[in-house]
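Trainee: Below: one structure in structure tokens.
The values are calculated or read from the model by the stated rules, or taken from the named source; none is laboratory data. This one's a predicted model, so the numbers in the text were calculated from it and none came from an experiment. Cβ placement follows ideal geometry from the backbone for every residue including glycine, while neighbour counts extend to all protein chains displayed. Calculation scope for accessible area: heavy atoms of the full protein, side chains included, ligands and nucleic acids excluded. Shrake-Rupley method; radii C 1.70, N 1.55, O 1.52, S 1.80 Å.
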Amino acid sequence: MIEQVKALLAEQALTRAAIIDDAFDESPLPQDIDGELWDRFFDDLTAGDEKTITSEYGKEITEGDGSELRRDVAFVQAVWAVRSGVEAAQDLFGDYETARRGKRAALKPLEELLKELALPYQTSGRRADIDVSDVQILFLDLYLGYVEDEAAIAQAIERLKAVVARRVADPPIVVLMSQSLSLDTLAPRVRDEGELLGCQFRTLHKSKLKDKDLVSEHLHDLASTRPDALKLTGFIAAWDSALDTMKSDFLKEVRTLDLADYASAQLLKLSAEEEPLGDYMLDLFDQRLHGMLEGDKSLLASSQTLNSIQWAAYPPAQFMPSGAFLDLTDSLIFQHAKRTPPGGTLQPQLGDVWMAPPQAPRARSKAPPIPVAKQSRDVFAVLTQACDLQHGNSDRLLMLKGIARPYNATPTEKNPVSSAVMQVDEVDYAIDWNPLLTETWLLKELPKFRKRGFVHVRRLRLPYALQLQQAFIGKLGRVGTAAELPSRHAVGVEILLRTKSGGARALATVKASDGDAVCLVGRPTDGSLGKVEWLLLSDRLRETLRQALKNVPSADLPTGGAVKLATVREDPELFRRIKAGLAYSREAEKPKRPFLNSDYDVVAVVSADKSPVIGGIYPDNVVPILFEIDWD
């Protein structure tokens, strides 16, 4: 592993690293020392001590100004410098020195690894006493401070931002470290405020720095993806620049329109079409700004650069659905939720989506009611032609029925027309539409539907409304829409090992609610119909699996099969392949082997309800590691 990563770093010309941690402070800062220790220090000073400190400090000190001196950085440094000859100073800094030794000891394995990798590195504390503006790999302490508080986090973020701001197109690889259990919780804040992408950022608990394989694998991931990460960084930077430029140009253009222009549009065109001016101009300006952005040369060039990325070695998508992922998909399919007035509108349009009321608890039922956010709800989309509604040519609405299920709920076995994400009142739904189920609602009865609890929740963008309309009409015509991102569903997973005796040993087990495993559902790359399903595991679950497999005694490992598990469990490539995702079919009756006909054919995936492991007996005709997926 070490030689592999060493070669990769050289290949990517990654030759400059830095460790920024308060463990490397040359002296403490005033806030590092507790007030009681300062009080005791001034009480214990002798005349000789005062003379020694005064000589180093360059100013006279008196007993009366201790409150000011303890806040003076120069005074603290002076006391630190003469501490060996001042007994009171040794007591003052005793806890600090002990903590600093512990912090440096925790970082020693990292320094030794960087030396093994022949990766030159610098160390720096809080004072920014070295220039790290050109480093390519940055190991950063989460809390840049003796006390783990908000100020220490803020200082770490400021150090990171200072580096990134000077090289927006070429930011460093960052590994955020801490001994705190809050590392995973706070890391996204540091990453986002530091304006980094996830592919440029990793976290490591300092207790894990002793694990050379784990640290080396993080460096391998970051280094191998760096060229593509820079392409993506350039694309986002181009968006940033284009938005700034086009905002000015766009506003300059629309300000040339005066009231007379809006009046002529309304009187000569929109009134005849019964189109509200405000809605029309909102859509018109939206499309104009979109068109101007499409003409930005730098943005176009950077988008073409993304086309050159080879995706075969990557996981199918980021691990779990982030808020940004869902927001992007929702905006692709629906107009913004705020364009649907609270409580809905009595002026229906093509693509309006109405949601039925939540289920009422059953009478005399002892089971607790299902929370609204976890209930599937009936939804209805307006299919009546837009022009008929606009001109009042219809007294009723043609409604297509669907089922909105909570986003992480188990998807249906069928492959209906669907809307991947619809956000309503901070709840994320996925909708399955049934083109065979339609009904009509009289316009005059809409108030009655409202009283029954039906709510107009969203409005589909026109291409998606037309898509539903055509699905109902049949295949006489088709409407193309932008490809939606793959849907994803949290699942439970149990990973089993076949022992030499034929038993099943659990290596790791997680529930869907743990958020450590997700199944992605998409389409085959050849464009054919049907589903492709991938199982992705979180970093935490993969590490649990690696350690559990590593700790199995060699005598307990199965010996049969073309591929020897005892050999491949030490090969990091096995876990890289697992990280990239495991191909899987929920409907398959037999376990699927995603690495078939390779040197890593030791893994199979199957739905828990179709598992071949019965009564703790693991059949010997199944490869030795089995992932059982539970969708419930």
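Trainee: At a probe size of 1.4 Å, how large is the accessible area of T440, to the nearest 10 Å²?
Mentor: 80 Å²
Trainee: Translational diffusion coefficient, Stokes-Einstein: compute it for the chain using the Kirkwood radius over C-alpha pairs as Rh, at 4 °C and 1.567 mPa s, and state it as an integer in µm² s⁻¹.
Mentor: Estimated via Stokes-Einstein, D reaches 44 µm²/s.
Trainee: Spin-label point model (7 Å from Cα, Cβ direction): what's the A580 to V254 distance in nm?
Mentor: 4.6 nm
Trainee: Round to the nearest 0.05 the FRET efficiency obtained for K51 and N621 when R0 = 60 Å and r is the Cβ-Cβ distance.
Mentor: 0.10
Trainee: What distance in nm separates the two pseudo spin-label positions at A74 and M1, each 7 Å out from Cα along the beta-carbon direction?
Mentor: Label at A74, label at M1, 5.0 nm between them.
Trainee: Go ahead and run the numbers for FRET between L37 and L181, Cβ-Cβ distance against an R0 of 25 Å, rounding to 0.05.
Mentor: Values: r = 27 Å, r/R0 = 1.07.
Efficiency at R0 = 25 Å is approximately 0.40.
Trainee: In Å², what does the accessible area per residue of the chain work out to with a 1.4 Å probe? If you can, show how the numbers build up before the last one.
Mentor: On the way: 32960 Å² over 632 residues.
Spelled out: the 1.4 Å probe surface of the chain, per residue, equals 52 Å².
Trainee: In straight Cα distance, which aspartates and glutamates are under 18 Å from K161, not counting same-chain residues fewer than 8 positions off?
Mentor: Partners found: D21, D22, D129, D131, D134, D141, E150, D170, D192, E193, E195, D240.
Trainee: In angstroms, what radius of gyration and Dmax does the stretch 141-216 have, counting Cα atoms only?
Mentor: Here Rg and the maximum Cα pair distance are 12.4, 34 Å.
Trainee: Between L437 and H391, what length comes free when the chain is fully extended (0.36 nm per residue of separation minus the Cα-Cα distance, one decimal in nm)?
Mentor: Extending this stretch completely gives an extra 13.9 nm.
Trainee: To continue, here is another question. What distance in nm separates the simple spin-label points at E274 and K374, each placed 7 Å from Cα in the Cβ direction?
Mentor: Placing both labels 7 Å along Cα→Cβ, they lie 4.6 nm apart.
Trainee: Take the alpha carbon gyration tensor of the stretch 170-214, find the square roots of its eigenvalues, order them as a ≥ b ≥ c, and report rounded if a/c is under 1.5; if not, report prolate when a/b exceeds b/c, else oblate. Show your work: numbers first, answer last.
Mentor: On the way: a/c = 2.96, a/b = 1.39, b/c = 2.13.
In terms of gyration-tensor shape, oblate.
Trainee: Nearest 0.05, what FRET efficiency do L300 and D170 give at R0 = 22 Å with Cβ-Cβ as r?
Mentor: On the way: r = 21 Å, r/R0 = 0.96.
The pair L300/D170 has a calculated efficiency of 0.55.
Trainee: With a 1.4 Å probe and all protein chains kept in place, how do L284, L144 rank by accessible area, largest first?
Mentor: Greatest to least solvent exposure: L284, L144.
Trainee: To the nearest 10 square angstrom, how much accessible area does R189 have with a 1.4 angstrom probe?
Mentor: For R189, the solvent-accessible surface is approximately 70 Å².
Trainee: Where in the stretch 202-282 are there GluC sites (Glu not before Pro) that are in a DSSP coil and have at most 12 other Cβ atoms within 10 angstrom of their Cβ? All intermediate terms of the calculation are to be shown ahead of the outcome.
Mentor: Details: sites: E217, E253, E273, E274; in loops: E274.
Here the sparse-neighbourhood loop sites are E274.
Trainee: Accessible area of S394, 1.4 Å probe, to the nearest 10 Å²?
Mentor: 30 Å²
Trainee: Just the number, please: percent antiparallel of the DSSP beta bridges in the chain, rounded to the nearest 5.
Mentor: Around 70 percent of the beta bridges assigned by DSSP in the chain are antiparallel ones.
Trainee: Just to check I understand the Karplus step: with θ = phi - 60° and J = 6.51 cos²θ - 1.76 cosθ + 1.60, what whole-Hz values come out for the stretch 440-457, glycine and proline as x?
Mentor: Running phi through 6.51 cos²θ - 1.76 cosθ + 1.60 with θ = phi - 60° gives 10, 10, 6, 4, 5, 9, 4, x, 5, 4, 4, 5, 7, x, 6, 10, 6, 9 Hz.
Trainee: Oh, and also: Using heavy-atom solvent-accessible surface (probe 1.4 Å) with all chains present, what is the largest-first order of K550, K338? Please list the in-between numbers first.
Mentor: Numbers: K550 95, K338 175 Å².
Result of the area sort, largest leading: K338, K550.
Trainee: A further question on this structure: Compare T305, T559 by solvent-accessible area with a 1.4 Å probe and give them largest first, with all protein chains kept in place. The partial results should precede the final answer.
Mentor: Details: T305 55, T559 90 Å².
Correct descending sequence by accessible area is T559, T305.
Trainee: If I compute solvent accessible area with a 1.4 Å probe over the protein chains, what percent of it on the chain is carbon and sulfur?
Mentor: Taking all protein chains in place, the chain shows 53 percent carbon and sulfur surface.
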